[in-house]
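The values are calculated or read from the model by the stated rules, or taken from the named source; none is laboratory data. All of these numbers come straight from a predicted model, not from anything done at the bench. Every residue, glycine as well, gets a Cβ built from its backbone with ideal geometry; the counts of neighbours run over all protein chains shown.
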Amino acid sequence: MHFFRILPAVAVLLAMPALALDVSDGWMRAMPPGQPTAAAYLSIDNPSNSPVTLVAASSPLAGSVEIHESVQQDGMWRMRRLTELRIPAGDSAELGPGGIHLMLFRMKRGLSEGDRLPLTLEFDNGKTLQLDISVRAIGAASGHKHH
Ligand SMILES: [Cu+2]
């Protein structure tokens, strides 16, 4: 049975390079105290040769965090919850206003411009990423591009 006993170790080694992810441009708008919800934006690059799926997110400052998508329906903007966000190999996911975003519920306090929001992203391979996203002015528009 020696052959089978080495399999778990091999699986761990194969899974490790799968989190070659590059998360950048994380931001959200400042929020006045008493506002219970907010949206956070970021881009996730997956330069690896296997797909990666974002399955959960959390923040110590929010009661819960969901992956949302804004969709226009009969002239009205609505948000629907996504159970996961798949990032194909060699592709990227751009989260931004009017599209996919992370919805923060039951915020424990307001955030001002210049604050940072700690955020944890959880992926289907069991890996997690800890980020600190920046808080911009209340009226801040879409994320900037450096390319
Ligand atoms: Cu939302």
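Step by step: first the residues of the range 29-49, then only those that are part of a loop (DSSP other than H, G, I, E, B) and more than 10 Å from ASP91 (Cα to Cα), then the one that is modelled with the lowest pLDDT. Which residue is that? Restricting to residues being part of a loop (DSSP other than H, G, I, E, B) and more than 10 Å from ASP91 (Cα to Cα), the top hit is PRO33. The number of residues in the range 37-62 that are away from the ligand (no atom under 14 Å from the Cβ) and either more than 16 Å from GLU122 (Cα to Cα) or free of Cβ contacts under 8 Å to residues at least 24 places away in the same chain (or both) comes to 5.
Given the condition within 17 Å of ILE133 (Cβ to Cβ), at pLDDT below 95, β-branched (Val, Ile, Thr) and surrounded by 15 or more Cβ atoms within 10 Å (Cβ to Cβ), answer yes or no: does some residue in the range 12-28 qualify? Yes, the range 12-28 has at least one match.
Within the range 91-104, residues that are over 21 Å from PRO60 (Cα atoms) and more than 11 Å from the ligand (Cβ to nearest atom) reach partners that are β-branched (Val, Ile, Thr) and modelled with pLDDT of 95 or more with beta carbons closer than 8 Å, at six or more positions or on different chains, in the pairs SER92/ILE44; ALA93/ILE44; ALA93/ILE87; ALA93/ILE100; GLU94/ILE100. Looking at THR128, THR83, just one residue is within 16 Å of the ligand (Cβ to nearest atom) and among the β-branched types (Val, Ile, Thr), and that residue is THR83. Within the range 134-147, can you find the residues that are surrounded by 11 or more Cβ atoms within 10 Å (Cβ to Cβ) and at pLDDT below 95? ALA137, ILE138, ALA140, SER142, GLY143 - these are the residues of the range 134-147 that are surrounded by 11 or more Cβ atoms within 10 Å (Cβ to Cβ) and at pLDDT below 95. Cβ-Cβ contacts under 8 Å between residues 6 or more apart (or on different chains), taken from a first residue in the range 111-125 that is free of Cβ contacts under 8 Å to residues at least 24 places away in the same chain to a second residue that is among the hydrophobic types (A, V, I, L, M, F, W, C), are listed as GLY114/VAL135; ARG116/ILE133; ARG116/VAL135.
For the range 76-132, list the strands (runs of 3 or more DSSP E) that sit wholly inside it and hold at least 2 residues that are buried (at least 17 other Cβ atoms within 10 Å of the Cβ); which are they?
Ranges flagged: 85-87, 100-107, 116-123.
Being in a strand (DSSP E or B) and either within 24 Å of ASP22 (Cβ to Cβ) or in contact (Cβ under 8 Å) with a residue 24 or more places away in the chain (or both), is that true of even one residue in the range 137-147? Checked the range 137-147: no residue is in a strand (DSSP E or B) and either within 24 Å of ASP22 (Cβ to Cβ) or in contact (Cβ under 8 Å) with a residue 24 or more places away in the chain (or both).
The residues listed here are MET76, MET107; of these, the one that is without any contact (Cβ under 8 Å) to a residue 24 or more places away in the chain and away from the ligand (no atom under 12 Å from the Cβ) is MET76.
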